[in-house]
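Here's the structure we're looking at; comments come further down.
The values are calculated or read from the model by the stated rules, or taken from the named source; none is laboratory data. Because the structure is a prediction, the values reported are computed rather than measured. So basically every Cβ, Gly included, is an ideal-geometry build from the backbone, and we count neighbours across all protein chains shown. The accessibility values were calculated without ligands, DNA or RNA, using every heavy atom of the protein model including side chains. Shrake-Rupley method; radii C 1.70, N 1.55, O 1.52, S 1.80 Å.
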Amino acid sequence: MKKKILLYLFFFILFIPVFMWLAWYFTPNTKLVIAIVDKTVLTKKGQEHISLNWVLNHEKFTKTSQKPYHVSEDYFGFFPQENEKYNLKGLERFSDSKLQQLSLDADMAYFTDTYGIYNNEWFQEGDISARSGILYGGLSNKDLQLLENLKERHKLVIAEFNTFGSPTSARNRRAFEQLFHVKWTGWTARYFENLDIVENKEIPKWLVSNYRRAHQNKWPFKNAGVAFVNDHDEVVILEEGQHLENAIPVINTIAENQQKFGLPEDMNYPFWFDVIVPDPQYNEVISWFELDYTAEGLKEIQAYNIPKHFPAVTGHKGQDYQFYYFSGDFSDNPVSLSSSYLKGIEYLKGLLYDSRNVMERKKFFWNFYRPLVTTILDEYSEELPD
């Protein structure tokens with residue numbers, strides 16, 4: 001009898017993924033036409049927008065009544081090919097009339113990354129930790145035209161980190177700021193779990209050289225910390241133990257927005273983000289970036305006019321238009337699309353990441369990005385006319 005029970009239990013566990021897939025498969029599709037823009041696609045895996053595709057696939061959002069979104073095909077931007085070849089299929093090739101038509105056809109737009117591709121990243125002889133000329137990237141005039149058209153048609157726009165920064169021109173940055181009432185301070189930042197430049201190869205060479213240029217060629221940092229860099233190549237380093245009690249940036253969400261979007265109160269965020277100033281007349285701050293400053297750390301950021309805390313998620317939802325800005329590189333997470341085919345997989349999320357690892361971005365995806373974007377898309381799709 002005991003052996004039979006164990007056998008039944010074994011087969012039950014074995015077939016759980018099958019049941020989850022069947023439940024996903026028979027979930028009805030919801031057509032939601034999204035103009036996805038990603039100019040930073042180094043491989044066909046589409047790392048910079050794969051998190052969005054995971055949500056779209058899991059929630060059965062489709063580009064037609066039947067056809068799902070494909071991560072390597074369904075976006076505007078840089079398309080990598082073999083042997084250092086590539087195709088450019090951005091909005092830059094669109095005429096005004098085609099942009100008007102796209103704004104009619106699309107229900108919304110999601111700009112996941114406009115940073116682009118640089119020569120040293122794309123061509124094999126390049127040093128990816130150094131700066132080089134731009135191959136393709138930046139928020140273009142045509143991108144702005146589409147955004148203006150969508151706003152005029154009261155449609156949803158989502159944009160992410162680095163929409164403001166280089167290589168976007170100052171003119172186009174100002175136009176984006178005025179269009180959506182968000183203001184970039186000129187600062188971007190990233191957490192590093194180790195500021196020892198011998199051990200940590202992820203610290204960009206240009207960041208180190210810019211800091212040394214202004215500090216008698218010194219780089220005295222070894223611990224974890226946060227590096228801020230602005231559009232004038234100034235660098236500010238906040239080191240754990242000296243400037244920060246705990247170096248990892250935390251995204252804090254108040255109780256009301258936790259409930260509304262399914263977000264945790266606090267979420268570590270170990271990647272790139274930009275520092276913006278909210279305009280409460282137009283936009284609500286849904287979540288804030290918080291750093292655990294010491295007195296010396298506060299003195300350091302005040303000297304450079306860096307705000308003490310700043311928005312992580314900013315939103316505007318009205319009859320006129322809908323807009324969300326994610327101040328981090330939120331769509332760039334190492335997730336697998338295979339799990340998106342299993343309905344209810346989110347209830348097993350604790351098995352899919354290492355919660356002890358502060359650099360673990362899968363935890364950010366499962367606990368923050370997925371519920372946030374799912375809630376926004378679900379609410380918006382319900383408001384669309386049939």
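Just one of the numbered conditions (1) outside any strand (DSSP E or B); (2) open to solvent by 70 Å² or more (accessible area, probe 1.4 Å); (3) among the charged types (D, E, K, R) is not true of ASP233; which one?
(2)
Condition first: within 24 Å of ARG370 (Cβ to Cβ) and touching a His at 6+ places or on another chain (Cβ under 8 Å). Can you find one or more residues in the stretch 75-89 that meet it?
There is at least one residue in the stretch 75-89 that is within 24 Å of ARG370 (Cβ to Cβ) and touching a His at 6+ places or on another chain (Cβ under 8 Å).
Please determine whether any residue of the stretch 182-189 is part of a strand (DSSP E or B) and over 30 Å from LYS222 (Cβ atoms).
The answer is yes; a qualifying residue exists.
Of everything in the stretch 218-232, what is under 24 Å from ASN120 (Cβ atoms) and more than 23 Å from the chain's Cα centre (by Cα)? Give them in sequence order.
TRP219, HIS232 - these are the residues of the stretch 218-232 that are under 24 Å from ASN120 (Cβ atoms) and more than 23 Å from the chain's Cα centre (by Cα).
Just to verify a result, which residue in the stretch 236-261, among those that are small (Gly, Ala, Ser) and surrounded by fewer than 16 Cβ atoms within 10 Å (Cβ to Cβ), is nearest to the chain's Cα centre (by Cα)?
ALA255
Cβ-Cβ distance below 7 Å, separation of 6 or more or different chains: which pairs start in the stretch 325-342 with a residue that is under 15 Å from TYR353 (Cα atoms) and end on one that is of a type in the set (D, E, K, R)?
ASN333/ARG361; ASN333/LYS362; PRO334/ARG361; PRO334/LYS362; VAL335/LYS362
Regarding THR112, is this residue more than 18 Å from HIS49 (Cα to Cα) and at pLDDT 95 or above?
Considered against the rule, which asks whether it is more than 18 Å from HIS49 (Cα to Cα) and at pLDDT 95 or above, THR112 comes out as no.
What are the residues in the stretch 144-171 that are over 20 Å from the mean Cα position of the chain (by Cα) and either more than 27 Å from GLU383 (Cα to Cα) or acidic (Asp, Glu) (or both), if any?
GLU148, GLU152, SER169, ALA170, ARG171, listed by residue number.
Can you find, within the stretch 286-340, the residue that is most open to solvent (accessible area, probe 1.4 Å) among those that are part of a helix (DSSP H, G or I) and within 23 Å of PHE364 (Cα to Cα)?
SER338
Tell me which of these LYS343 doesn't satisfy, since it passes every other one: (1) within 30 Å of GLU148 (Cα to Cα); (2) in contact with a helix residue (DSSP H, G or I) (Cβ under 6 Å, 6 or more places away or on another chain); (3) in a loop (DSSP other than H, G, I, E, B).
Failing condition for LYS343: (1).
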